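Everything below concerns the one structure shown next.
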Amino acid sequence: MKKLLKGIGKTVITVFFCLVFSCKLYAQSAYPYAIQAYISYKQDTIALTHCYFGDVIHKTVLSDETIVIAHGIIISTGKTKVVHIPPGATIIDCTGKTVLPGYVLLHEHMFYPDASISPYYIHYKQLPVSFPRLYFACGVTTARTAGSVEPYSDLSLKKEIDAHQIIGPTLYVTAPYMEGAGGFAPQMHEITTTEEAKRFVNFWADEGFTSFKAYMNLNRAVLKAAIDAAHARGLKITGHLCAVTYREAAEMGIDQLEHGFFAATDFIPGKGEDACVSELNPFKHINPRGKEIKDLINILVKNKVILTSTLAVFEGLCKQDTIPKQQAFDAMSPDTRDMYLKYYSHEKSADMDSAMTKELVMEKEFAGAGGLLTAGTDPTGNGNVLAGYGSLRAIELLTKAGFTAIEAIRIATYNGAVALQAQSTIGSLEVGKHADMVVIDGNVADNINNIEKVQFVFKDGVGFNAQKILQQLKGQVGKF
Ligand SMILES: [Zn+2]
């Protein structure tokens, strides 16, 4: 009897924690009770009819299209008049709405500047509850975590999302940052020898990480060792570089470079070898359509180096037009909002405005030269970029570079899938692919900002009510 009561007590406690933290009690069911509340559609067969259809393969938005999904897979697409809708399918009338592939973003983090300690001590706080949900509710269905400060938390998030225990994008997990001597962030490990680099890569690969991120102060020898060690495991390595130039890294075989050209030190006069010289406007001395950048772009394209555009995190440092949108402010906890307004909102510079103007031109040139341009959020920086809301801003800003709305969406979907070598299953709305989709109000071709009007996010054929998820996060971001 005593044993039984003890058992019941334990169950009550578990139920309580599960309701609060939506944990693992319901592991046997597809989605726990706490998640079911956000699900609008989970029928086996669903037809979305009369949609604007974001065709990222042909870079066009089609009208009056129908998409049929069954058991989580897209089974047919085409003009509403001709697509066969299986009997018994649930119909969603999408008149006036656009269906897009779920975003596949490559510079994501589960952490954010910590408002609870002095901002003069750089510290990042893991936000394992709010960030996965924010990403997801804004339409991000796949995310690569480009650098970790809480590796085991990121790994657990991946497992719990895959097991449908929490709401979030499918994660491609990147190991902790590989920083060199003299870094600014105490949470990043400093690696100074080639042996250490090799050991580090092998250790985290064994733990389950599938990509690596080299950081600013890593020198050429150590970076080369890290690239070779990652490649020996069949894994990819990207970099937010500084001491090593883009040209040097490309010639060493790096797979990807973060932050567009903002982290390129190739054009900083007098930069010594292996010296990290960081400037707000690293393009001061170059013409964004000139020979120097063309030569660098050619080297990147020739070496198949992928570039990740992260325009939103730099917009926060520009003087013009950089206040976070009201929705993002509303999502922040009071102390997070204070931190941004008191400390970070003043960090703006005209140098960044001029760098941004050139960056936009150079990203377009890179794509035009045949480079694979992808997109990411980087919700760190000066605190004005949140997961999800910042992700949408990063996509919108691509149109300022001259990409059409659907080209910007392609960069944030199909190109991301190609970079992850996952384009056979995600990244576009094609028959046979996973039904990872975003339904937004309005036609995206009319106005890119319509991507902010997210209604439903489908993952593997299950449709979630985006606004309900966002509503529940109001005032919480920064707390957990
Ligand atoms: Zn980052």
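Above 23 Å, the calculated P(r) of the range 383-476 contains 28 percent of its Cα-Cα pairs.
Taking every alpha-carbon pair within the range 259-398, the share separated by more than 27 Å comes to 24 percent. Other residues whose C-beta falls under 13 angstrom from the C-beta of Ser153 contribute a net charge of -1, scoring Lys and Arg +1 and Asp and Glu -1. Across the range 216-232, computed HN-Hα scalar couplings (Karplus, 6.51 cos²θ - 1.76 cosθ + 1.60, θ = phi - 60°) run 3, 8, 5, 8, 4, 5, 5, 4, 4, 5, 5, 4, 5, 5, 5, 5, 4 Hz from first to last residue, x flagging Gly and Pro. To the nearest ten degrees, helix 389-398 and the longest principal axis of the Cα atoms of the chain are 60 degrees apart. Here the range 103-419 is treated with +1 on each Lys and Arg Cβ and -1 on each Asp and Glu Cβ, and its dipole about the Cα centre works out to around 600 debye.
Return the percentage of antiparallel bridges among DSSP beta bridges fully within the chain, rounded to the nearest 5 %. About 50 percent, rounded to the nearest 5.
With just the Cα atoms defining each centre, how far is the range 464-480 from the range 141-215? Give it in Å. Their Cα centres are 25 Å away from one another.
Computed from the C-beta positions of His58 and Val301, the FRET efficiency with R₀ = 35 Å rounds to 0.95.
With a point put 7 Å past each Cα toward its Cβ, work out how far Ser345 is from Arg233 in nm, to one decimal. Each label point is offset 7 Å from its Cα along the Cβ direction, giving 4.3 nm. Working from label points 7 Å from Cα in the Cα-to-Cβ sense, the Ile73 to Gln320 distance is 4.9 nm. Residues of the range 440-480 with an amide N closer than 20 Å to a point placed 7 Å from the Cα of Val83 along the Cα-to-Cβ direction: 440-446, 451, 454-466. Only Cα pairs under 8 Å and 6+ residues apart enter the sum, and on that basis the relative contact order of the chain stands at 21 percent. A crude spin-label estimate for the pair Tyr33 and Arg289, with each label 7 Å from Cα along the Cβ direction, gives 6.3 nm. Bridgeable lysines around Lys325 (alpha carbons under 27 Å apart, same-chain partners fewer than 8 residues away excluded): Lys97, Lys125, Lys342, Lys348, Lys358, Lys364, Lys400, Lys453, Lys459, Lys468, Lys474, Lys479. Three semi-axes describe the equivalent ellipsoid of the range 59-155; taken as square roots of 5 times the Cα gyration tensor eigenvalues and ordered largest first, they are 40, 14, 12 Å. Each peptide in 440-450, 375-385 receives the mean, over its residues, of other Cβ atoms within 10 Å, and ordering these scores from highest gives 375-385, 440-450. Per residue, the convex hull spanned by the Cα atoms of the chain measures out at 149 cubic angstrom. Extension gain, Glu207 to Ala275: 0.36 nm times the residue separation minus the Cα-Cα distance gives 21.3 nm. Backbone geometry of the range 427-438 corresponds, through the Karplus equation with coefficients 6.51, -1.76 and 1.60 at θ = phi - 60°, to 3J(HN,Hα) couplings of x, 7, 8, 10, 4, x, 8, 4, 7, 9, 9, 10 Hz, x marking Gly and Pro.
Ignoring lysines fewer than eight residues from Lys198 along the same chain, the ones with Cα atoms less than 23 angstrom from its Cα are Lys213, Lys224, Lys236.
We did not get these values from a lab; they are worked out from the coordinates using the rules stated. Not measured: the values here are computed from a predicted model. Note that each Cβ is placed from the backbone with ideal geometry, even for glycine, and that neighbours are counted across all protein chains shown.
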